[in-house]
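A.B. asks: If you scroll down you'll find the structure; I have some questions about it.
All of the numbers you see were taken from the coordinates with simple rules; none came from a lab. All values reported here derive from a predicted model rather than from experimental measurement. Glycine also receives a Cβ, built like all others from the backbone with ideal geometry; neighbour counts cover every protein chain displayed.
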Amino acid sequence: MKGNKFPKLDLSVIDKNMSATTTIVRAGLDFYDVDKEPFRIYGVYRDGDKYVRLPEEVAYSANDGIGSLHANTAGGRIRFATNSRRFALLIRRGANMPSDNGAYLNRASFDIYVDGVYFCTSRPGISYPVTEYEFLSDEIIEGEGEHLITVYFPNYGEVYSLIIGLDEGSTLRSAPDYTVEKPIVYYGSSITQGGCASRPALSYTNRLERLLDADCVNLGFSGSAHGEKVIAEHICTLNKSVFVMDYDFNARSIEELDETHEPFFRAVREKEPDLPIIMLSMPRDRLRDRHARRREIILRTYENAKAAGDKNVYFVDGAALFGEFGGEAFCDGVHPNDIGMYCMAEALFPLLKRILGR
């Protein structure tokens, strides 16, 4: 080695567990388009050449940020039942938006769960950006008979097509309904979108989907949830069991939050007088003055609703979510990491369980 020059290292050569196979041998596998029966798609729907979370015209009517993010697939899931022992994916997707604090797998990969238990994560390899890749799990699904398979979409980026490969001749049936069929709808920031989870299924909304066996719709939009009336009106059109308001972080100022929070709540409440609505204040390990003032605005909306006789509104203090973990629950001081996402789900779980009569 001469001077300050260092050899270029390929970690996948040094550690084989850091490498991923992005092409597979297809022999012995049957392949299926997830847009067709018996697959059931949740949280996203097909619009032209991609999956989306809300209509494009609604997204751009709100702001250009939501226009860009409405086709990010946060909260998207595929469910089905099979007795196949192997599992493969053929993936075509959009390029990732660059970020210095978001895990690559969270943005480019699919999580596979078997009977509600983590099984594997598709890995696109180290080439960047990756828009097409193939994945075959190294693991074999254990246990005889059919299993419920859930495939979680990436929390960021667009997905154009997903093909699933199963053992030739294996069974393929529709998944059973969720116990809570009417979705829990979440509206909020990059935290809601699952921004800094290490992989898709670890966002707090996806964890609650498993804990409650409840469908969900994730309307988290990084930096772009500003409490616009058009989004409230769209939320009113969705079939849902509970609505969670979590957009505090994205209000561009204390004044904007003050001007939009109660009107946003009222726009939903007026259309759906009996809908359970949870207001979540900014998740923080400690409250500085500007954070405390935002919390006061949300608490005031809640207290005004209670004073008006609303018996189906709830407040969750974002500053009380992380307990002993404190700052360890964050990846960058702002976004919860996997610990933080776990804490958020655990804090909301008993309240949602009670609301849903579970």
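A.B. asks: For a Förster distance of 22 Å, can you work out the FRET efficiency between the beta-carbons of Thr237 and Arg40, rounded to the nearest 0.05?
C.D. replies: In this case the efficiency is close to 0.55.
A.B. asks: Could you give the length gained by full extension between Lys50 and Tyr160, i.e. 0.36 nm per residue of separation minus their alpha carbon distance, to one decimal place?
C.D. replies: Numbers: separation 110, 0.36 × 110 = 39.60 nm, distance 0.43 nm.
Extending this stretch completely gives an extra 39.2 nm.
A.B. asks: With only Lys, Arg, Asp and Glu charged, each at its Cβ (+1 for the first two, -1 for the last two), find how big the charge dipole of the chain is about the Cα centre; round to the nearest 20 debye. Provide the component values of the computation, followed by the final result.
C.D. replies: Working: 42 positive and 52 negative charges, 99 e Å.
Charge dipole, the chain, about its Cα centre: 480 debye, nearest 20.
A.B. asks: Using +1 at the Cβ of each Lys and Arg and -1 at the Cβ of each Asp and Glu in the chain, identify which of Ala320, Phe31, Asn218 lies farthest towards the dipole's positive end.
C.D. replies: Checking the options against the dipole of the chain, the answer is Ala320.
A.B. asks: OK, next. Which of the GluC sites (Glu not before Pro) found in the range 166-247 are in a DSSP loop and have at most 14 neighbouring Cβ atoms, other than their own, within 10 Å? Working shown, then result.
C.D. replies: On the way: sites: Glu168, Glu181, Glu209, Glu228, Glu233; in loops: Glu168, Glu228.
Those satisfying the criteria are Glu168.
A.B. asks: Go through the range 308-313 residue by residue and turn each phi into a ³J(HN,Hα) via Karplus (6.51, -1.76, 1.60, θ = phi - 60°); whole Hz please, and just put x for glycine and proline.
C.D. replies: Going residue by residue, I get 7, x, 6, 9, 10, 10 Hz, with x marking Gly and Pro.
A.B. asks: In percent, how large is the relative contact order of the range 21-174, given Cα pairs closer than 8 Å and 6 or more residues apart? Walk me through the numbers before you get to the answer.
C.D. replies: Values: 351 pairs, mean separation 60.6, N = 154.
Worked out over the range 21-174, it gives 39 percent.
A.B. asks: Can you give me the long-range amide H partners of Tyr51? Hydrogens built in the peptide plane at 1.01 Å from N, cutoff under 5 Å, separation of 5 or more residues or another chain.
C.D. replies: When sequence neighbours closer than 5 places are left aside, the close amide H contacts are Val159.
A.B. asks: In percent, what relative contact order does the chain have, based on Cα pairs under 8 Å that are 6 or more apart in sequence?
C.D. replies: Details: 782 pairs, mean separation 60.6, N = 358.
Worked out over the chain, it gives 17 percent.
A.B. asks: Given the chain, what percent of its DSSP beta bridges are antiparallel, to the nearest 5? Don't skip to the answer; put the middle values down first.
C.D. replies: Numbers: 40 of 58 bridges.
Bridges in the chain are about 70 percent antiparallel.
A.B. asks: Just add up the charged neighbours of His147: K/R +1, D/E -1, any other residue whose Cβ is under 14 Å from the Cβ of His147.
C.D. replies: Details: positive: Arg79, Arg85, Arg86, Arg173; negative: Asp115, Glu139, Glu142, Glu144, Glu146, Asp167.
After counting each charged neighbour, the total is -2.
A.B. asks: Follow-up question, since we're still on this one. With springs only between Cα atoms under 10 Å apart, run a GNM on the chain and tell me which of Asp338, Asp33, Asp49 wobbles the most.
C.D. replies: Taking springs between Cα atoms under 10 Å, the residue moving most is Asp49.
A.B. asks: Add +1 for every Lys or Arg and -1 for every Asp or Glu among the other residues with Cβ under 13 Å from the Cβ of Gly94, and state the total.
C.D. replies: In short, +1.
A.B. asks: With springs only between Cα atoms under 10 Å apart, run a GNM on the chain and tell me which of Gly223, Gly48, Gly326 wobbles the most.
C.D. replies: Per the Cα network of the chain with a 10 Å cutoff, Gly48 tops the list.
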